[in-house]
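Laboratory data are not the source of any read-out in this text; all were calculated from the coordinates shown. Not measured: the values here are computed from a predicted model. A quick note on method: Cβ atoms are made from the backbone with ideal geometry, for glycine too, and the neighbour counts reach across all protein chains shown.
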Amino acid sequence: MLLGCIADDSTGATDLAAVLVQEGMRTVQTIGVPEPGTETGEVDALVVALKSRSIPAADAVRQSLQALRFLQERGARQILFKYCSTFDSTPDGNIGPVAEALLKELGADLTMVCPAYPTLQRSIFRGHLFVGDKLLSESGMEKHPLNPMTDSDLVRVMAAQSRQKVGLIRYDIVHQGAAAVRARMEELRGQGIVHLVTDVTDDQDLRILGEAAADLKLVTGGSGIALGLPENFRRQGQLGHHQAGILPDVDGLEAVLAGSCSVATRGQVADFKNKRPAFQLDPQSLSDGDAQIEQALAFAQEHMQDGPVLLYASADPAEVSAAQAILGRDRAGELVERAMGLLATSLVERGVRRLVVAGGETSGAVVAALKVSALRIGEKIDPGVPATVSVGERPLALALKSGNFGTPDFLSKAFGFMPGRRP
Ligand code: ADP
């Protein structure tokens, strides 16, 4: 294993894993820090998905160090700490404290700070982060409920949450190429600077910075900085030219579970219902016991022999508010998530091996119920959503989609990206 990655949330982890696969690394994403003996198969990169973005800094540091130890045990030659491309954090952290703890543990004194990804509308100029044509602080992120980003100057933002010095490598150096960047890195290292914010105006800059980062034990940034890292291993003869996204065939029945109420998912549910049978669950019925779950399973059993079935709780805002008014927001959510977990395990007992799940929290509940701890990452279905196959004794083909991702026909087309077929 060459590149070990620690991601501070699960959709960000998947996004990063998809970039690594695109750049030719065989990649497995784990859900949380796996148990020491966990089987991951032969891989070039491992991405440990944490949920550490908005938890107390001390907890984020502890979990990240656990992830680091796991990756070191697997032989990682370089560590990438992945955070959000909008640098979601506060003066308490967690980017600064986690980066510093990882540096200390790795015995390193310099790292890159690069959340940019110009193709995805995140660029950095003179240390200021832009979202499209707007400064971060005018992009809407200044109103984020958990991590309001009111300052676009990443040198200042990073300095506020770090103990060590922060510097900047400007675009005029980056444009001169990797050798110039490395020379500047050495100069700044000489000045005691530890965190290097980097200007990035197009994706080629990310490849230059990736090359310049070849000898850093720790790189920090968004998924874009991963564009240039695999080539370093190839240059050193450590990484072959693999077709990285090839997944094993998984044959079995097909089902879709949707617990997301996002606009995109509701459109996808409507689209699927025009094509195949679907059964709607609702939190109020679920609060009366498991009768509705039994009905949903009987419905699935009846229809899934000749194609995928959809079991969904997705509802429009009025229905969601009505359920929440009676049950409370958390209880309504918990009832649906529990039901989705139970349905997933029951469907697998009945022969389902190919499963599409809509909703971030819903996906979390489903993989937990199925005891999936690692996913091999395959071909991209839509931006941010690859096909995956779980690692372990009974492989499942899974497409886990967070709410607003995917084209309107996602819930049916996703099966076409999963190798294997239904009986
Ligand atoms: P998204 O990725 O779109 O945010 P999530 O699965 O993360 O989707 O979150 C959706 C939340 O809404 C989950 O907690 C789910 O249990 C809950 N939910 C789903 N359907 C309903 C419903 N009909 N009424 C109330 N809450 C619901």
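Our estimate of slack between THR407 and GLU35, defined as 0.36 nm per intervening residue step minus the Cα-Cα distance, is 130.3 nm. Pairs spanning more than 23 Å between alpha-carbon atoms, out of LYS380/LYS401; LYS51/LYS413; LYS380/LYS413; LYS273/LYS413: LYS51/LYS413. Against the chain, whose longest principal axis comes from its Cα atoms, helix 178-190 is set at around 70 degrees.
For the range 123-184 and the range 214-291, what is the centre-to-centre distance using only Cα atoms, to the nearest Å? Taking the Cα centre of each part, the range 123-184 and the range 214-291 sit 29 Å apart. Put simply, the amide H of THR198, placed in the peptide plane, has neighbours under 5 Å in VAL113, ILE169, leaving out anything fewer than 5 places away on its chain. Mind running the shape call on the range 3-235? Use the C-alpha gyration tensor, a ≥ b ≥ c as the square roots of the eigenvalues: rounded below 1.5 for a/c, prolate if a/b tops b/c, oblate otherwise. Rounded shape, in that the Cα axes give a/c under 1.5. List the residues of the range 210-227 whose backbone N lies under 16 Å from a point placed 7 Å from the Cα of ASP109 along the Cα-to-Cβ direction. Label zone hits: 216-218. For the pair ASP172 and ARG338, the difference between a 0.36 nm per residue extended length and the Cα-Cα distance amounts to 54.4 nm. Inter-label distance, ASP306 to ALA368: 3.8 nm, where each label sits 7 Å from its Cα along the C-beta direction. Straight-line cross-link reach from LYS104 at under 16 Å between alpha-carbon atoms covers these lysines, not counting any fewer than eight positions away in the same chain: LYS165, LYS217. Checking the a/c ratio against 1.5 first, then a/b against b/c, what shape does the Cα gyration tensor give for the chain? Taking the square roots of the gyration eigenvalues as a ≥ b ≥ c, the chain is prolate. The overall shape of the range 70-153 is prolate: from the C-alpha gyration tensor, with semi-axes ordered a ≥ b ≥ c, the ratio a/c is 1.5 or greater and a/b exceeds b/c.
Only one residue of GLN191, PRO148, VAL131 has its Cα farthest out toward the positive end of the dipole of the chain, where Lys and Arg carry +1 and Asp and Glu -1 on Cβ, and that residue is GLN191.
Between 0 and 90 degrees, the angle of helix 57-73 with respect to the longest Cα principal axis of the chain falls at about 90 degrees. Extension gain for LYS165 to SER287 (0.36 nm times residue separation, less C-alpha to C-alpha distance): 38.6 nm. Toward the positive end of the charge dipole of the chain, with +1 on the Cβ of Lys and Arg and -1 on the Cβ of Asp and Glu, the farthest Cα among LEU342, GLY177, HIS303 is that of GLY177. Axis of helix 317-327 versus longest Cα principal axis of the chain: the two differ by about 80°, to the nearest ten degrees.
Here is the list for the range 250-359: trypsin sites (Lys or Arg not before Pro) lying in DSSP coil, each with at most 14 other C-beta atoms within 10 angstrom of its C-beta, are LYS275, ARG350.
Charging the Cβ of each Asp and Glu at -1 and of each Lys and Arg at +1, and nothing else, the dipole of the range 61-130 about its Cα centre rounds to 200 debye. Charge dipole (Cα centre; +1 on Lys/Arg Cβ, -1 on Asp/Glu Cβ; no other charges) of the chain amounts to roughly 560 debye. For the range 253-417, the Cβ-based charge dipole about the Cα centre amounts to some 500 debye (Lys, Arg positive; Asp, Glu negative; other atoms uncharged). Its residues counted as N, the range 253-417 yields a C-alpha radius of gyration over 2.2 N^0.38 Å of 0.95.
For the pair ARG156 and ASP382, a Förster radius of 41 Å applied to the C-beta separation gives a FRET efficiency near 0.70, rounded to the nearest 0.05. Placing a pseudo-label 7 Å from each Cα along the Cα-to-Cβ vector at GLN191 and HIS144 gives an inter-label distance of 2.8 nm. Residues whose amide H comes within less than 5 Å of that of ILE381, counting only those at least five positions distant or on another chain, are ALA387 (H built at 1.01 Å from N in the peptide plane).
Using alpha-carbon positions, what is the distance between the centroids of the range 365-382 and the range 1-64, in Å? If we compute the Cα centre of each part, the gap is 12 Å. Taking every DSSP beta bridge that has both ends in the chain, the antiparallel portion is near 30%.
For GLU42 and LYS275, FRET efficiency with R0 = 41 Å and r from the beta-carbon atoms, rounded to 0.05? In this case the efficiency is close to 0.60. Using the Cβ-Cβ distance between GLN204 and HIS241 with R0 set to 30 Å, the FRET efficiency from 1/(1 + (r/R0)^6) comes to roughly 0.90.
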